[in-house]
Amino acid sequence: MNYKVKDLSLAASGRMKIEWAESHMPVMMALREKYSQTQPLKGQRITGCLHVTKETAVLVETLRAAGAEVSWSGCNPLSTQDEIAAALAAAGISIYAWHGMNVEEFYWCIERTLDFKPTLTLDDGADLIMTLHTKRQDLISGVIGGTEETTTGVHRLRAMAADGALKYPVIAVNDAETKWDFDNVYGTGQSSIDGIIRATSVLLASKNFVVAGYGHCGRGCALRASGMGSTVIATEVNPIQAIKATLEGFRVMKMDEAAEIGDVFITATGMKDVIVKRHFEKMKDGAIVCNTGHYDVEINIGDLEALSESKRTIRPSCEEYILKNGRRIYLLAQGRLVNLAAAEGHPSEVMDMSFANQFLSQIRLVNEGQGMEKKVYDIPEAQDQEIAGIKLATMGISIDQLTAEQIAYASDYMAGT
Ligand code: 9W4
């Protein structure tokens, strides 16, 4: 048996979800169509370690359609969707993943996928590459290269490369514009609002919606909350971001002030202690508080607990804290990423472009990997443009092209008044 999943009988329901994702990932499906004919990945063995979701399943099956054999594990013990893992196992993919595994099982799964002796690796967070470089060095000589999905993974790999510890080239998919910009703004924006609504069913129209941090994720949340009729208030520590928020039509103030008038709070700063005791003390009865930043440090839950007399779970992902001052505060998803814990993360249409970058980068490694150095490479701008172009075409949108004269004009520094 070349898989281990929770329950194979979930395969049919997983397959329906995968089909849904396929019909919302037109770029991936166009690439699948094109490369299933030319088979650029034929003879390659790809080991992947990335969240087992319906969108990832589309990536896995596209890699396979282009000729690769694939072996997979999840990159977070809590992110595997068991019905998707079952559907992939039933389709003959070697997959080791189930929801709620412990840390030991997590690394056991990675090792099983490495037994497959990969020629290419695909990571989200660099745990697979790290395991290969530490525990399975015998396999390194067989690997052409790898790709990495996230900021965290790219940081780890750049540090390894700087130390001379990276033993094969890796492409940083995260840094593609068609990945991070769309993920952060439109993916996080919609899915965070979705998480808040699923966990509370609150009406956003008429509410004061406080966004802590006006980076890409905060901006996405602000845009969408505003579109739902909320009055958006942004809090910032960076004056440039604060001006941006103001010029985009949002109120900007200190969290100390916002705490008094906010109805819904979302943190998207990447910093700890954004909402603490003195803020909770000022909040209105019924305030809703959640986080969409990577770590669950932005809301100081210890402070909230200390101020509270009691708490109870009133619906999935929604805990009611009764404060000693008699007011109620609702904490969503225990202060973890509300878009993933209470909703479904980025919509398939957003993952479409991220995973198109993964797919094309794997092909690039086959074509160019032998001549590449053992360092971290960026996505070429042409690939970003190609993916955006395919996405637009699948949306039925055509755009203008520069004429030869215009291109010459753009590069002619002599032209002027
Ligand atoms: N999922 C995740 C992580 C932790 C977690 C309630 C608290 C990231 C990107 C993509 O990290 C991911 N903890 C949970 S649920 C949960 C889910 N809980 C449960 O109690 C702890 C994750 C990429 N992605 C999308 O965004 C959409 N499709 C994708 O492939 C997936 C998952």
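Every read-out reported here was derived from the displayed coordinates using simple, explicitly stated rules and does not represent laboratory data. For clarity, every value in this text was computed on a predicted model and none was experimentally measured. Cβ placement follows ideal geometry from the backbone for every residue including glycine, while neighbour counts extend to all protein chains displayed.
Can you tally the net charge around Ser94? Count Lys and Arg as +1, Asp and Glu as -1, for every other residue whose Cβ sits under 14 Å from the Cβ of Ser94. Mind showing how you got there, number by number?
Details: positive: Lys4, Arg45, Arg64, Arg112, Lys117; negative: Glu61, Glu69, Glu111, Asp115.
Once positives and negatives cancel, what remains is +1.
Under the convention that each Lys and Arg Cβ holds +1 and each Asp and Glu Cβ holds -1, the size of the dipole of the chain around its Cα centre is about 780 debye.
Within segment 285-350, list the trypsin sites (Lys or Arg not before Pro) lying in a DSSP loop whose Cβ has at most 13 other Cβ atoms in a 10 Å radius.
On the way: sites: Lys311, Arg312, Lys324, Arg327, Arg328, Arg336; in loops: Lys324, Arg327, Arg336.
Qualifying residues, ordered by number: Lys324.
Other residues with beta-carbon under 10 Å from the beta-carbon of Cys290 carry, at +1 per Lys or Arg and -1 per Asp or Glu, a net charge of 0.
With an 8 Å Cα cut-off and a minimum separation of 6 or more residues, compute the relative contact order for the chain in percent. Present the calculation step by step, with values, prior to reporting the outcome.
On the way: 867 pairs, mean separation 66.5, N = 417.
Worked out over the chain, it gives 16 percent.
Between Gln334, Gln406, Gln370, the Gaussian network model of the chain with springs among Cα atoms under 10 angstrom shows the greatest mean-square fluctuation at Gln406. The share of alpha-carbon pairs in segment 286-417 lying farther apart than 19 Å comes to 70%.
If you average the sequence gap of Cα pairs under 8 Å that are 6 or more apart and divide by the length of segment 185-341, what percent do you get for the contact order?
On the way: 359 pairs, mean separation 34.9, N = 157.
Relative contact order of segment 185-341: 22 percent.
Between segment 186-203 and segment 52-89, what is the separation of their alpha carbon centroids in Å? So the separation of the two Cα centres works out to 26 Å. Neighbour counts of other Cβ atoms within 10 Å put Lys207, Lys284 in the fewest-to-most order Lys284, Lys207.
Highest mean first, what order results for 103-109, 135-141, 40-46 on Cβ atoms within 10 Å?
On the way: 103-109: 14.7, 135-141: 12.6, 40-46: 18.1.
Result, highest mean Cβ count within 10 Å first: 40-46, 103-109, 135-141.
Charge tally around Val366: other residues with Cβ under 13 Å, Lys/Arg +1 each, Asp/Glu -1 each, net +2. Dividing the convex hull volume of the alpha-carbon atoms in the chain by its residue count gives 184 Å³ per residue.
How many angstrom lie between the C-alpha centres of segment 1-25 and segment 365-404? For segment 1-25 versus segment 365-404, the Cα centre distance is 30 Å.
When DSSP assigns beta bridges and you keep just the ones with both residues in the chain, what percent turn out antiparallel, to the nearest 5? Intermediate results must be reported in sequence, preceding the final value.
Working: 11 of 53 bridges.
Looking only at bridges with both residues in the chain, the antiparallel portion is about 20 percent.
Using Cα centres only, tell me the gap between segment 215-257 and segment 295-322 in whole Å. Their Cα centres are 24 Å away from one another. Given in Å, the Rg to one decimal and the Dmax to the nearest whole number for the Cα atoms of segment 185-341 are 14.0, 42. The alpha carbons of segment 249-304 give a radius of gyration and a Dmax of 10.8, 34 Å, in that order.
Exceeding 25 Å between C-alpha atoms, which entries from my cross-link table qualify? They are Lys54/Lys375; Lys54/Lys179; Lys179/Lys374; Lys17/Lys207. Write down the numbers at each step before the final one.
On the way: Lys54/Lys375 31 Å; Lys54/Lys179 18 Å; Lys179/Lys374 23 Å; Lys17/Lys207 34 Å.
Among Lys54/Lys375; Lys54/Lys179; Lys179/Lys374; Lys17/Lys207, the Cα-Cα distance tops 25 Å for Lys54/Lys375; Lys17/Lys207.
Highest GNM mean-square fluctuation, the chain, Cα pairs closer than 10 Å: which of Ile196, Ile266, Ile322? Checking each option, the largest mean-square fluctuation is seen for Ile322. Annotation: the residues Glu148, Glu373, Glu319, sorted from fewest to most other C-beta atoms within 10 Å of their own C-beta, follow the order Glu373, Glu319, Glu148. Counted over all Cα-Cα pairs of segment 14-121, pairs farther apart than 22 Å make up 28 percent.
For the chain, modelled as a GNM whose springs connect Cα atoms under 10 angstrom apart, the maximal fluctuation among Tyr295, Tyr186, Tyr214 occurs at Tyr295.
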